[in-house]
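The values are calculated or read from the model by the stated rules, or taken from the named source; none is laboratory data. These numbers come from a predicted model, not from an experiment. Backbone-built Cβ (ideal geometry, glycine too); neighbour counts: all protein chains shown. Only protein heavy atoms, including side chains, enter the accessible area calculation; ligands, DNA and RNA are left aside. Shrake-Rupley method; radii C 1.70, N 1.55, O 1.52, S 1.80 Å.
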Amino acid sequence: MGKYTKQDIFRIVEEEDVEFIRLQFTDIFGMPKNLAITASHLEQALNNGCTFEASAIGGIRDGAEELYLYPDLDTFEIYPWRPQTGKVARMYCDIYTEEGEPFAGDCRQVLKRVLKEAADMGLRFEIRPEQEFFLFHTDDEGHPTTTTHEIAGFYDVAPLDLAENVRRDIILTLEEMDFEVLGSHHEISPAQHEIDFAEGRADRIADDVVTFRMVVKTIAKKHGLYATFLPKPTEGVNGSGMHINIICRDLLGKNLFADETGSGDLSETGQQFVAGLLSHSKSITLFTNPIVNSYKRLIPGFDAPTQIAWSDNLANRSAVINVPHRKGNNARIEYRSPDGVCNPYLAFAVILAAGLDGIRNRMKAPEKADVRLSGKSRWELKNMHLDTLPETLGEAMEYSDKDPMIREVLGDFIYDGFKEKKLGEWRDFRSVITNWELQTYLGRY
């Protein structure tokens with residue numbers, strides 16, 4: 001049974017004086033898009049009759065000119081920050097062609113296909129993201145800057161933390177939209193924050209990640225600030241990530257990552273998932289860390305993962321996988337490389353597909369990295385037989401091309417469109433002369 005029926009939606013729209021409904025979707029890069037309709041066209045929308053012209057949307061423009069939006073009724077929510085009369089609501093949509101076929105560029109359905117494969121194996125995945133972001137000032141014209149007046153650090157409170165009220169308003173807004181917020185705090189870097197919400201079905205959490213970003217940016221703007229999920233907006237401080245906590249259950253709800261033998265380790269299924277995820281870590285990084293700036297975060301010395309290893313020592317922040325809980329209903333793994341600019345539908349899809357590959361092929365996980373990896377030289381890491389994540393966007397593209405699983409999961413349309421855009425970004429970045437180059441070389445040569 002779904003959360004809402006069509007009759008429920010009609011009733012709520014009338015009772016709550018909803019005037020506009022946004023039929024929301026994302027492009028292949030995870031940027032939110034929508035077609036706004038008035039309440040008078042709600043019946044047409046709920047009968048999957050609303051279309052949009054896709055020729056100008058990034059990553060979709062080469063597809064069909066007219067595409068159909070099929071609303072997911074269970075995602076109906078009223079925006080709390082809009083007017084109290086003539087309210088605005090939204091529904092996430094799947095995208096279909098005129099022939100009634102799933103559109104090849106619909107990221108939401110990519111994730112659904114992976115989850116269907118998991119269900120066919122008797123598996124159900126829940127995800128809990130840990131989302132970090134920065135709050136900066138804007139200039140006199142309202143443009144974002146990287147300026148902050150605060151010097152707060154990890155778990156600091158007011159008066160050092162100048163944005164407690166902003167976080168509070170973000171959380172109150174999220175709760176009005178039925179988020180279960182687990183906690184929030186100031187992060188390590190000045191102006192950096194984290195808000196965590198409860199785990200849920202992987203496809204629902206992908207929707208929630210998109211909503212979360214919109215809420216954070218909207219409420220920050222109301223406070224005269226700019227919120228950014230850019231992984232590394234300033235030098236010399238820790239960047240922002242989006243750690244992904246993953247729980248695997250059977251179709252009756254039993255946690256399959258928990259070991260019942262009393263060994264205190266992950267179950268065999270959990271270790272197979274880890275093995276698959278580690279084996280594909282290089283190739284999925286293009287989709288978990290999709291921009292040039294992502295790789296300014298993935299460097300040693302700033303608590304970001306760099307090594308393709310797993311560990312249950314939570315202080316071992318260089319490992320790409322940590323295992324914070326191994327026992328009972330809460331057993332889970334934490335994949336630490338993704339950042340907050342990824343497309344959550346595609347990132348979740350390739351992460352889960354990699355783990356499923358490990359389960360399907362009964363892969364054996366390598367030995368855990370029990371010693372701290374930060375501070376070790378490349379030679380020491382090589383002697384430990386540890387590999388590293390890609391260090392640039394260009395390198396990440398090379399690894400994704402070598403792994404047929406990625407194209408199989410995403411399909412040619414999304415993979416080729418995504419890759420074309422990233423090749424352009426990489427070419428543009430390589431052509432730029434940076435201040436570092438001038439400061440380092442100009443007076444020497």
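Considering only residues that are open to solvent by less than 70 Å² (accessible area, probe 1.4 Å), more than 28 Å from the chain's Cα centre (by Cα) and hydrophobic (A, V, I, L, M, F, W, C), which ones fall in the range 1-36?
Scanning the range 1-36 gives 9, 12, 13, 18.
Return the residues of the range 148-175 that are charged (D, E, K, R) and at pLDDT below 95; say none if nothing qualifies. Spell out how you get there, then give the answer.
Taking the range 148-175 as the starting set, the residues that turn out to be charged (D, E, K, R) are 150, 156, 161, 164, 167-169, 175.
150, 156, 161, 164, listed by residue number.
Taking residue 145, is it among the hydroxyl-bearing types (Ser, Thr, Tyr), within 30 Å of residue 303 (Cβ to Cβ) and touching a residue at least 40 places away in the same chain (Cβ under 8 Å)?
For residue 145, the condition - among the hydroxyl-bearing types (Ser, Thr, Tyr), within 30 Å of residue 303 (Cβ to Cβ) and touching a residue at least 40 places away in the same chain (Cβ under 8 Å) - is met.
For (1) in contact with a helix residue (DSSP H, G or I) (Cβ under 8 Å, 6 or more places away or on another chain); (2) modelled with pLDDT of 95 or more; (3) assigned to a loop (DSSP other than H, G, I, E, B), each residue gets a yes or a no:
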| site | (1), (2), (3) |
| --- | --- |
| 240 | yes, yes, yes |
| 244 | yes, yes, no |
| 262 | no, no, yes |
| 269 | yes, yes, no |
| 287 | yes, yes, no |
| 295 | yes, yes, no |
| 300 | no, no, yes |
| 321 | yes, yes, no |
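Check whether at least one residue in the range 178-197 is more than 19 Å from the chain's Cα centre (by Cα), farther than 30 Å from residue 417 by Cα, buried (at least 16 other Cβ atoms within 10 Å of the Cβ) and among the small types (Gly, Ala, Ser), and report yes or no.
Yes; the residues of the range 178-197 include at least one that is more than 19 Å from the chain's Cα centre (by Cα), farther than 30 Å from residue 417 by Cα, buried (at least 16 other Cβ atoms within 10 Å of the Cβ) and among the small types (Gly, Ala, Ser).
In the list 119, 158, which residue meets the criterion of being among the hydrophobic types (A, V, I, L, M, F, W, C), more than 21 Å from the chain's Cα centre (by Cα), within 27 Å of residue 349 (Cβ to Cβ) and surrounded by fewer than 18 Cβ atoms within 10 Å (Cβ to Cβ)? Write out each step before concluding.
Working: 158 fails: within 27 Å of residue 349 (Cβ to Cβ).
From the options 119, 158, the qualifying one is 119.
Consider the range 225-238. How many of its residues are among the small types (Gly, Ala, Ser) and modelled with pLDDT of 95 or more? Even if it seems obvious, please write down each step before you answer.
Taking the range 225-238 first, the residues among the small types (Gly, Ala, Ser) are 227, 236.
Then drop every residue that is not modelled with pLDDT of 95 or more, which leaves 227.
Going through the range 225-238 one residue at a time, the tally reaches 1.
With in a strand (DSSP E or B) and crowded, with 24+ Cβ neighbours inside 10 Å as the only criterion, which of 309, 354, 349 stands out?
Working: 354 fails: in a strand (DSSP E or B); 349 fails: in a strand (DSSP E or B).
So the residue among 309, 354, 349 that is in a strand (DSSP E or B) and crowded, with 24+ Cβ neighbours inside 10 Å is 309.
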